[in-house]
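Asks: The structure follows.
Each value in this text was obtained by applying a stated rule to the coordinates, not by laboratory testing. Here the structure is a predicted model, which is why all the values come from computation and not from measurement. Here Cβ is always computed from backbone atoms with ideal geometry, including for glycine, and neighbour counts include all displayed protein chains.
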Amino acid sequence: MNEVLQEKKIIDVEQIRSQFPILNRKVNGQPLVYLDNAATTQKPQAVLDAIQKYYSEINANIHRGVHTLSQEATDAYEYSRKTIADFINAKSSEIIFTRGTTESINLVASCFGKKFVNAGDEILVTEMEHHSNIVPWQLMCEERKAVLKVIPVTDSGELMLDELTKLLSSKTKLLALTHVSNTLGTVNDVKEIISLAHKNGTAILIDGAQAIAHTQVDVQELDCDFYCFSGHKMYGPTGIGILFGKEKFLNEFPPYQGGGGMIKEVSFAKTTYADSPMKFEAGTPNIEGGIVLGEAVKWMKNVGVKNIAEHEHELLHYAIAQLKTIDGVRIIGEAKNHASAVSFLVGTNHPYDTGVILDKLGIAVRTGHHCNQPLMKRFNIPGTVRASFAVYNANEEVDKLIEGVKRAKKMLS
Ligand SMILES: Cc1ncc(COP(=O)(O)O)c(C=O)c1O
């Protein structure tokens, strides 16, 4: 490859790492190797500075104040909404600040259910969904007397698309599926699935919690009806997330919660509601989180989402290849299109035991069911060890993981 091109695409890991103060710390006397990025990512200095700046310079409540601080805070909050809208190619009015992916999905389940779901209707999810994209639908189905149906997963961790086609019927009101599986790392062909759903007259929600930090998302190109993600998984703060919804749905939806900020006029006889997004943001929101999430998005754009994806892809495939050299390692999920996370088991060792030994070596991985209990049942396993990558991870960290897994295997045998 042309050297200039190669130089352009490769992330300068040392330079990136220097922006993350936490990566300097030691755990159990060892340099931290943080490979639990699917659970939450670490925060760059730009994000930490933005938190400090918000509270030390502009902290005030938003939207109703005439004083300078309130106006500055409102401007920063709305500017951030615009930054996030641009990032996924949406309009500001289609971007609702929530507490995270979980709340975004609950909002849609609640409002969509009340407006569009009747007894006997069906909601489709997949066998690889996070509990956050199962339980809200179960609750709604129970309330509306609707039926939850499930698209199964193959042995390699891919969706059975022929089953999806069979399951779609005139009763299917909504299909909710993950863009990238948090356990298997499978990247679903959401564009194709969205088109299939729409041809059937079915609305579609994409859980983007594991995709947003690893791939460029364009909601117009995808043509999804809803797209959800969490700030803390994309270098931003916890307690803030996004729901993108198409205007045609948001305009029809009833409010999610009642309170200040979501009304046009209140009287005891009748209350009228604000337009989206305010209709869905009752009460004082997470102002700091909203503003700082915009900074995290700017930081990602500066690094380049394509560069991030490319770097992580290299790490992931290096890790998979190395893991496969260890006798007895079984990779769970080998989809053709795979991103950001690898799950595995080491012989008959319990994932927890491997995780504890890795922690003693300073290596942070996640062990357990990863909020995917039905998926664990599908594979007939108690859980997995999951290593998940971010832009600041280095090949040497993969080497340490591999050494650690070998050591754990020896200790546990
Ligand atoms: C695929 C997926 N969906 C939803 C969630 C829930 O995200 P949050 O806890 O930030 O609401 C997660 C979190 O791990 C996830 O991985």
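Asks: So for the stretch 1-123, averaging the separation of alpha carbon pairs under 8 Å that are six or more residues apart and normalising by length, what relative contact order in percent results?
Replies: 10 percent
Asks: In whole Hz, what ³J(HN,Hα) sequence does the stretch 400-413 give by Karplus (6.51, -1.76, 1.60; θ = phi - 60°), x for Gly and Pro?
Replies: Calculated HN-Hα couplings, in order: 5, 4, 5, 4, x, 5, 4, 5, 4, 4, 5, 5, 8, 8 Hz.
Asks: Report ³J(HN,Hα) in whole Hz for each residue of the stretch 101-112, in order, from the Karplus equation J = 6.51 cos²θ - 1.76 cosθ + 1.60 where θ = phi - 60°; Gly and Pro get x.
Replies: 3, 4, 5, 4, 5, 4, 4, 5, 4, 5, 6, 5
Asks: Now a separate question. With the chain treated as a Gaussian network of Cα nodes joined by springs under 10 Å, which of D353, D327, D86 yields the largest mean-square fluctuation?
Replies: D327
Asks: With no solvent and one equal point scatterer per Cα, compute the Debye intensity ratio I(q)/I(0) for the stretch 48-302 at 0.09 Å⁻¹ and report its log10, rounded to two decimals.
Replies: After summing over all Cα pairs, the log10 values are -0.40.
Asks: Report, by chain and number, residues whose modeled amide H sits under 5 Å from the one on V329, excluding near sequence neighbours (fewer than 5 apart, same chain).
Replies: G347
Asks: Taking amide H positions as placed in the peptide plane 1.01 Å from N, state which residues far from D36 in sequence (5 or more) or on other chains have amide H under 5 Å from it.
Replies: Under 5 Å from the amide H of D36: S388.
Asks: Just how large is the dipole of the chain about the Cα centre, in debye to the nearest 20, putting +1 at every Lys and Arg Cβ and -1 at every Asp and Glu Cβ?
Replies: Charge dipole, the chain, about its Cα centre: 760 debye, nearest 20.
Asks: Which of the lysines could be linked to K114 by a straight reach, that is with a Cα gap under 20 Å, when you skip same-chain ones fewer than 8 residues away?
Replies: K114 reaches K145, K149, K171, K173, K246, K248, K270, K279.
Asks: From the backbone phi of the stretch 240-257, what are the Karplus-calculated ³J(HN,Hα) couplings (6.51 cos²θ - 1.76 cosθ + 1.60, θ = phi - 60°) in whole Hz, Gly and Pro given as x?
Replies: Per-residue couplings from phi come out as 9, x, 10, 10, 8, x, 5, 3, 4, 7, 4, 5, 7, 5, x, x, 8, 9 Hz.
Asks: Follow-up question, since we're still on this one. Percent antiparallel among DSSP beta bridges with both residues in the stretch 48-302, to the nearest 5?
Replies: 45 percent
Asks: Could I ask something else about it? Once you've got the GNM for the chain with C-alpha springs shorter than 10 Å, pick whichever of S56, S92, S276 has the biggest mean-square fluctuation.
Replies: Comparing S56, S92, S276 in a Gaussian network model of the chain, the most mobile one is S56.
Asks: Search the structure for amide H atoms under 5 Å from the amide H of G241, placed 1.01 Å from N in the peptide plane, and list their residues when 5 or more places away or on another chain.
Replies: T98, R99, G100, G231
Asks: Shifting gears a bit: How big is the charge dipole of the stretch 1-97 about its Cα centre, in debye rounded to the nearest 20, if each Lys and Arg gets +1 on its Cβ and each Asp and Glu gets -1 on its Cβ?
Replies: 240 debye
Asks: Moving on to the next point. Cross-link partners among aspartates and glutamates for K199, C-alpha distance below 14 Å, same-chain residues fewer than 8 apart left out?
Replies: D223, D225
Asks: Using +1 at the Cβ of each Lys and Arg and -1 at the Cβ of each Asp and Glu in the stretch 48-302, identify which of P255, M160, G241 lies farthest towards the dipole's positive end.
Replies: P255
Asks: Something else about it: Which whole-number percentage describes the relative contact order of the chain, with Cα contacts under 8 Å and a sequence gap of 6 or more?
Replies: With pairs under 8 Å counted, the relative contact order is 23 percent.
Asks: Where in the stretch 364-381 does the label zone of Y352 land, with the point 7 angstrom along Cα→C-beta and an amide N cut-off under 15 Å?
Replies: The answer is 366-371, whose backbone nitrogens lie closer than 15 Å to the label point.
Asks: Determine, for each peptide in 172-181, 343-352, 403-412, the mean count of other beta carbons within 10 angstrom over its residues, then list the peptides with the highest first.
Replies: Per-residue mean Cβ counts within 10 Å order the peptides as 172-181, 343-352, 403-412.
Asks: Sticking with this structure for a sec: In terms of the Cα gyration tensor, with a ≥ b ≥ c the square roots of its eigenvalues, is the stretch 360-413 rounded because a/c is under 1.5, prolate because a/b exceeds b/c, or oblate?
Replies: Here the stretch 360-413 falls in the oblate category.
Asks: Can you give me the C-alpha center-to-center distance between the stretch 63-115 and the stretch 256-314, rounded to a whole angstrom?
Replies: If you average the Cα positions of each part, the centres end up 2 Å apart.
Asks: Using mean Cβ contacts within 10 Å as the protection proxy, how do 369-376, 259-266 order, highest first?
Replies: Those peptides, ordered most packed to least, come out 369-376, 259-266.
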